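These notes concern the structure reproduced below.
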Amino acid sequence: MRNIPIFAGLSDEQLAEIARLVMNRKYRRGHIIFMEGEPGEAFYILKSGRVKIYKQDEEGREHILHYINPGEVFAEVVLFDGGEYPACAAVVEDAHVGLIRNRDMDALILKNPSIALALLKVMARRLRVSQRQIMELALKDTTRRLASALLELAAEHGEPEGGGIRITVPLTNQELANLVGTSRETANRILGELRRDRAVAVSRQGIVIYRERLKTWL
């Protein structure tokens, strides 16, 4: 629990209180944890694996908002407004998830206001990411959006490999297209251009980016 940023400053006694509230779940890849519009009765802590947060339009097309790493919380917005889940959550890699029901957390926050402040900081960071995505959709062409998304994925989910950075999130070309709001065919074409320019390398093992070369596409 202490490795989760929103709980890092709490005492051992406070951490023990929170640990007693956590209900543990294990999900296989592809499992839908919740859908947009369902009652928001709990928020979640990802202990291992990876989860994607996305929205779906009326025709069933996805737009991926972000990926959740182990140690991060998600769906925390429902803790404050008690409303519906504003997006969907699906398991990308087999996941171990802890959930805390809103009513249990409410009682704890009344005794520990610092937890509420930490959660608000997490939500503020997510809002900044969402605002940046909206601006990119409005102002950048598809090639620049894809290059920007790859750089961001490498920063958040990357590990050094040779002279580049391997993105550790297992992404299909369709998921990459969903991330930047375009078609799979367009994403494939742009990836081909980036490969020819040696800004990225693509294989069955995933995508490796070469940061400085890729930045020239922004």
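The values are calculated or read from the model by the stated rules, or taken from the named source; none is laboratory data. This one's a predicted model, so the numbers in the text were calculated from it and none came from an experiment. Neighbour counts are summed over all protein chains in view; Cβ atoms, including those assigned to glycine, are modelled from backbone coordinates with ideal geometry. Only protein heavy atoms, including side chains, enter the accessible area calculation; ligands, DNA and RNA are left aside. Shrake-Rupley method; radii C 1.70, N 1.55, O 1.52, S 1.80 Å.
Listing for the model above:
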quantity	calculated
For Lys47, distant residues with modelled amide H under 5 Å away	Gly71, His96, Val97, Gly98
Estimated FRET transfer efficiency when R0 is 30 angstrom, pair Asn3-Lys55 (beta carbons, to 0.05)	0.55
Estimated FRET transfer efficiency when R0 is 22 angstrom, pair Ala124-His157 (beta carbons, to 0.05)	0.55
Using a Förster distance of 35 Å, the FRET efficiency for Arg25-Asp197 (Cβ separation, nearest 0.05)	0.20
Contour excess over end-to-end distance, with Cα ends at Glu212 and Thr186 and 0.36 nm allotted per residue	7.1 nm
Gain on full stretching of the segment that runs from Asn173 to Glu84 - 0.36 nm per residue minus C-alpha separation	29.0 nm
CD proxy at 222 nm, helix term only [per DSSP H run n ≥ 4: -39500 (n - 2.57); per residue of the chain; nearest 500]	-13500 deg cm²/dmol
Kyte-Doolittle mean at least 0.5 and Cα axial length at least 15 Å: DSSP H helices in the chain	113-139
Hydrodynamic radius of the range 4-72 per Kirkwood, over alpha carbon pairs, in Å	14.4 Å
Ala107 versus Glu36: modelled label distance in nm, points set 7 Å from Cα along the beta carbon direction	3.4 nm
For the chain: accessible area per residue (Å², 1.4 Å)	54 Å²
